[in-house]
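Asker: The structure follows.
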2 protein chains.
Amino acid sequence: MNINEEILKLDWDRDPYGLYEPIEYTLASGGKRVRPQLAMIASQMFGGRDEDVLPAALALEVFHNFTLLHDDVMDKAEVRRGRPTVHMKWNESTAILSGDQMLIEAYKLLSGVPRRKLAKVLEMFNDMATEICEGQQYDMDFETMNRVKEYQYFEMIGKKTAALLGYALKIGAYIAGAKKKEQDLLYSFGIGIGFAFQLQDDILDVWGAPETFGKAIGGDICCNKKSIVSITALDMADEESCKELNYWFGQILEDNTEKIAKVTAIYDRLGVREHCEKGVKRLIDSALRSLSLLPQNEATEQLRQLANKLNARKN
Amino acid sequence: MNINEEILKLDWDRDPYGLYEPIEYTLASGGKRVRPQLAMIASQMFGGRDEDVLPAALALEVFHNFTLLHDDVMDKAEVRRGRPTVHMKWNESTAILSGDQMLIEAYKLLSGVPRRKLAKVLEMFNDMATEICEGQQYDMDFETMNRVKEYQYFEMIGKKTAALLGYALKIGAYIAGAKKKEQDLLYSFGIGIGFAFQLQDDILDVWGAPETFGKAIGGDICCNKKSIVSITALDMADEESCKELNYWFGQILEDNTEKIAKVTAIYDRLGVREHCEKGVKRLIDSALRSLSLLPQNEATEQLRQLANKLNARKN
């Protein structure tokens, strides 16, 4: 079953067009469809039927896209996946309302899971959705904080990014009839690669190759965004470097060339990159250990490859 | 069981505070709690236990308040129930995100209904939520339309206002074990009083007494808002009156005293008020007929009184 095709098969040709067109636009804009795929793979690992897990897989993808839509309004982002964001192409009210409807559509899709699994799946989905809103709130709170501690940053990305991956796997496994212990191991794997993915993203934002990263390098430095890199740097820094970093993190500039160069030089001097990369490797190793305790079959192998690809990723 | 107390008992003292405080603020701001009460009364009509319907009743109230929160952002409303709206007191991102979380909380509450009723209640709740978003979209679409037909207006308020009342009753009845036919009669009653409520609101906006209406009189005229009054007036108007109305509906003014007086005079000349009031009476009579086909007990009597009060309401 090709999950991307299933997503594009969803029919949004309904009245009022102004409500559903932005939903179609958002879901047609691509993305890697990682979350629904994780749900399908988890189900396959336990011999589940694709059609049983499909409603939940689609619900997860629609939910994920809903969060992007509303996050883009909150972040005033103008471009997403190479196209204007919904609030730019239409307007903000449209982005709010079509986003709300997307969240409701996610629950509609979810209601299609096998009936005797519904209550538990709904509960897991609600918990997942709550974590993501909480994560977004922490992320917004961080903007006005001078210093964010590493454990706070981990709590934030755990909720905002990792939870959805963990729950996608857990829900898929549950629907396929996996035992509680197996669901939990898959959840751990998902959380681990979710953390690793976000940290890798933070690292590539500083040291990625512009031609493969897909975003401008140094974006986090420009807008003084908290990331594992900036947090680690402040933790590792001597008094002098700390002062220098805080000076730059207090600047909002038109031309960021010098700022990016200077801050990156401090990161390099402190050995921040190596430290963060070790962190990513530890997370992936731990995720792979969870995986090794699960049934070994084609699905497990797919997840293993995903984790290894993540470790080597450049974009 | 006092539904207002149950709503105020919901505990929002959680981290991150920035996410949950606006939810608590919104739910503590009062309102008549009509929707959860309708669910409870419908359940009582069929001998249902209050505790079985309570999760759905709470979910309906939380959902309703979520729609108000996001509608206020879209409408840029500054005051709600005598207090600053969430996006004024905090900011727009907070209003969007806390609203999203309220919608998720509604689904969390809903998941507490008796398990073998859950699938059907979830389905009804999803249909209801969809209608409300669609209604809001139509309402926004109307802002940029020159002329809205009566049937379009009815479709809009049917979704935006009436559906929630109809579904509150239907869901309450279903949980209490009412037959399909009985659920449908209650749904009809709810839709009928929902329509009547909105039309009465439109009428009072023009002819209400300032001291009892709670809002400034003539608000719809000032901002050229489509209402049953303006739509009926254009339908009843001769060519000359039509021209006059369209002239005024094209004006955006600082001081609306003359505009309100002139437009109201045209409405009076055309006999719009009597026409609209007859419409309200017809809707209520029809709603009462649905009620007469249902079991007659204390609950039915409460709904009858509600309908009659609506007919005579001045605020």
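Asker: Placing +1 at every Lys and Arg Cβ and -1 at every Asp and Glu Cβ, with all other atoms neutral, what dipole size does segment B:9-145 have around its Cα centre, in debye to the nearest 20?
Answerer: 640
Asker: Report, in whole Å, the centroid distance computed from the Cα atoms of segment B:200-226 and segment A:220-276.
Answerer: If we compute the Cα centre of each part, the gap is 57 Å.
Asker: Exposure proxy check: A:LYS215, B:LYS32 ranked by fewest other beta carbons within 10 Å?
Answerer: Arranged by neighbour count, lowest to highest, A:LYS215, B:LYS32 become B:LYS32, A:LYS215.
Asker: Also: How high is the relative contact order of chain A, in percent, counting Cα pairs under 8 Å that sit 6 or more residues apart?
Answerer: 19
Asker: Continuing with the same structure: Give me the net charge for the shell around A:TYR167: Cβ to Cβ below 10 angstrom, other residues only, Lys and Arg +1, Asp and Glu -1.
Answerer: 0
Asker: With a cut-off of at most 12 other beta carbons within 10 Å, and DSSP calling the residue loop, which GluC sites (Glu not before Pro) in segment B:203-259 qualify? Please list them.
Answerer: For GluC sites (Glu not before Pro) across segment B:203-259 that sit outside H, G, I, E and B with at most 12 neighbouring Cβ atoms in 10 Å, the list reads B:GLU254.
Asker: While we're here: Starting at the first residue of segment B:134-141, write each ³J(HN,Hα) from the Karplus equation 6.51 cos²θ - 1.76 cosθ + 1.60 with θ = phi - 60°, in whole Hz, x for Gly and Pro.
Answerer: For segment B:134-141, the Karplus curve yields 4, x, 5, 5, 4, 4, 5, 4 Hz.
Asker: Rounding to the nearest 10 and keeping the result within 0 to 90°, find how far the Cα-based axis of helix B:50-75 lies from the longest principal axis of chain B.
Answerer: 40
Asker: Residue by residue through segment B:149-163, which ³J(HN,Hα) values in whole Hz follow from phi under the Karplus form 6.51 cos²θ - 1.76 cosθ + 1.60 (θ = phi - 60°), with glycine and proline marked x?
Answerer: Whole-Hz 3J(HN,Hα) from phi for segment B:149-163: 7, 4, 5, 5, 5, 5, 4, 5, 6, x, 7, 6, 10, 6, 4.
Asker: Same structure, new question: Within 10 Å of each residue's Cβ, count the other Cβ atoms and sort B:HIS275, B:HIS87 from fewest upward.
Answerer: Ordered by Cβ neighbours within 10 Å, fewest first: B:HIS275, B:HIS87.
Asker: Looking at B:ILE96, B:VAL62, B:LEU19, which one has the Cα that reaches farthest to the positive end of the dipole of segment B:1-175 (charges on Cβ: Lys, Arg +1; Asp, Glu -1)?
Answerer: B:VAL62
Asker: How would you classify chain A from its alpha-carbon gyration tensor, with a ≥ b ≥ c the square roots of the eigenvalues: rounded for a/c under 1.5, else prolate if a/b is greater than b/c, otherwise oblate?
Answerer: Taking the square roots of the gyration eigenvalues as a ≥ b ≥ c, chain A is oblate.
Asker: Sort segment B:1-175 into rounded, prolate or oblate with this rule: let a ≥ b ≥ c be the square roots of the eigenvalues of the Cα gyration tensor; rounded if a/c is under 1.5, and if a/c is not under 1.5, prolate when a/b is larger than b/c, oblate otherwise.
Answerer: Oblate is the answer for segment B:1-175, as a/c is 1.5 or above yet b/c matches or exceeds a/b.
Asker: How many nm separate the modelled label positions at A:ASN91 and A:ARG289, each set 7 Å beyond the Cα in the direction of the Cβ?
Answerer: Distance between the two pseudo-spin positions: 5.5 nm.
Asker: What does the charge count around A:PRO36 come to, taking other residues whose C-beta lies under 9 Å from its C-beta (Lys +1, Arg +1, Asp -1, Glu -1)?
Answerer: Neighbourhood net charge equals 0.
Asker: About its Cα centre, what dipole magnitude does the protein assembly as shown give when the only charges are +1 on Lys and Arg Cβ and -1 on Asp and Glu Cβ, stated in debye to the nearest 20?
Answerer: For the protein assembly as shown, the charge dipole is close to 1960 debye.
Asker: Could you go through segment A:120-129 in sequence order and give the Karplus-derived ³J(HN,Hα) for each residue, using 6.51 cos²θ - 1.76 cosθ + 1.60 with θ = phi - 60°, rounded to whole Hz, and x for Gly and Pro?
Answerer: 5, 5, 4, 4, 5, 4, 4, 5, 4, 4
Asker: I would also like to ask the following. From Cα pairs below 8 angstrom and at least 6 apart in sequence, can you work out the relative contact order of segment A:1-178, rounded to a whole percent?
Answerer: 31
Asker: Exceeding 22 Å between C-alpha atoms, which entries from my cross-link table qualify? They are A:LYS181/B:LYS108; A:LYS120/A:LYS179; A:LYS32/A:LYS309; A:LYS89/B:LYS76.
Answerer: Violating the 22 Å limit, Cα to Cα: A:LYS181/B:LYS108.
Asker: Please name whichever of B:ILE260, B:PRO84, B:PHE213 sits farthest to the positive end of the charge dipole of chain B, dipole taken about the Cα centre and charges placed at Cβ: Lys and Arg +1, Asp and Glu -1.
Answerer: It is B:PHE213.
Asker: Between A:TYR20, A:TYR167, A:TYR151, which gets the highest mean-square fluctuation from a Gaussian network model of chain A, Cα cutoff 10 Å?
Answerer: A:TYR151
Asker: Grab the other residues whose beta carbon is less than 12 angstrom from that of B:ALA106, score K and R as +1, D and E as -1, and report the net.
Answerer: Local net charge: -2.
Asker: Also: Rounded to the nearest 500 deg cm²/dmol, what is the calculated helix-only ellipticity per residue at 222 nm for chain B, with -39500 (n - 2.57) per DSSP H run of length n ≥ 4?
Answerer: Result for chain B: -23500 deg cm²/dmol, rounded to the nearest 500.
Asker: If you don't mind, another one. Against the longest alpha carbon principal axis of chain A, how many degrees, from 0 to 90 and to the nearest 10, is the axis of helix A:298-312 turned?
Answerer: The angle comes out at about 20 degrees.
Asker: Could you work out how far helix B:17-28 tilts from the main Cα principal axis of chain B, as a 0 to 90 degree angle to the nearest 10?
Answerer: Relative to chain B, helix B:17-28 is tipped by roughly 70 degrees.
Asker: Extension gain B:MET145-B:GLU51, at 0.36 nm per residue separation less the Cα-Cα distance, in nm?
Answerer: So the extension gain works out to 29.2 nm.
Asker: Still on this model: With +1 assigned to the C-beta of every Lys and Arg and -1 to the C-beta of every Asp and Glu, and no other charges, what is the dipole magnitude of chain A about the Cα centre in debye, to the nearest 20?
Answerer: 1060
Asker: Rounded if a/c is under 1.5, else prolate if a/b is larger than b/c, else oblate: which is segment A:180-315, with a ≥ b ≥ c the root eigenvalues of its Cα gyration tensor?
Answerer: prolate
Throughout, read-outs are computed from the coordinates displayed, never taken from laboratory work. Just so we're clear, the structure is a prediction, and the values are computed from it rather than from any experiment. So basically every Cβ, Gly included, is an ideal-geometry build from the backbone, and we count neighbours across all protein chains shown.
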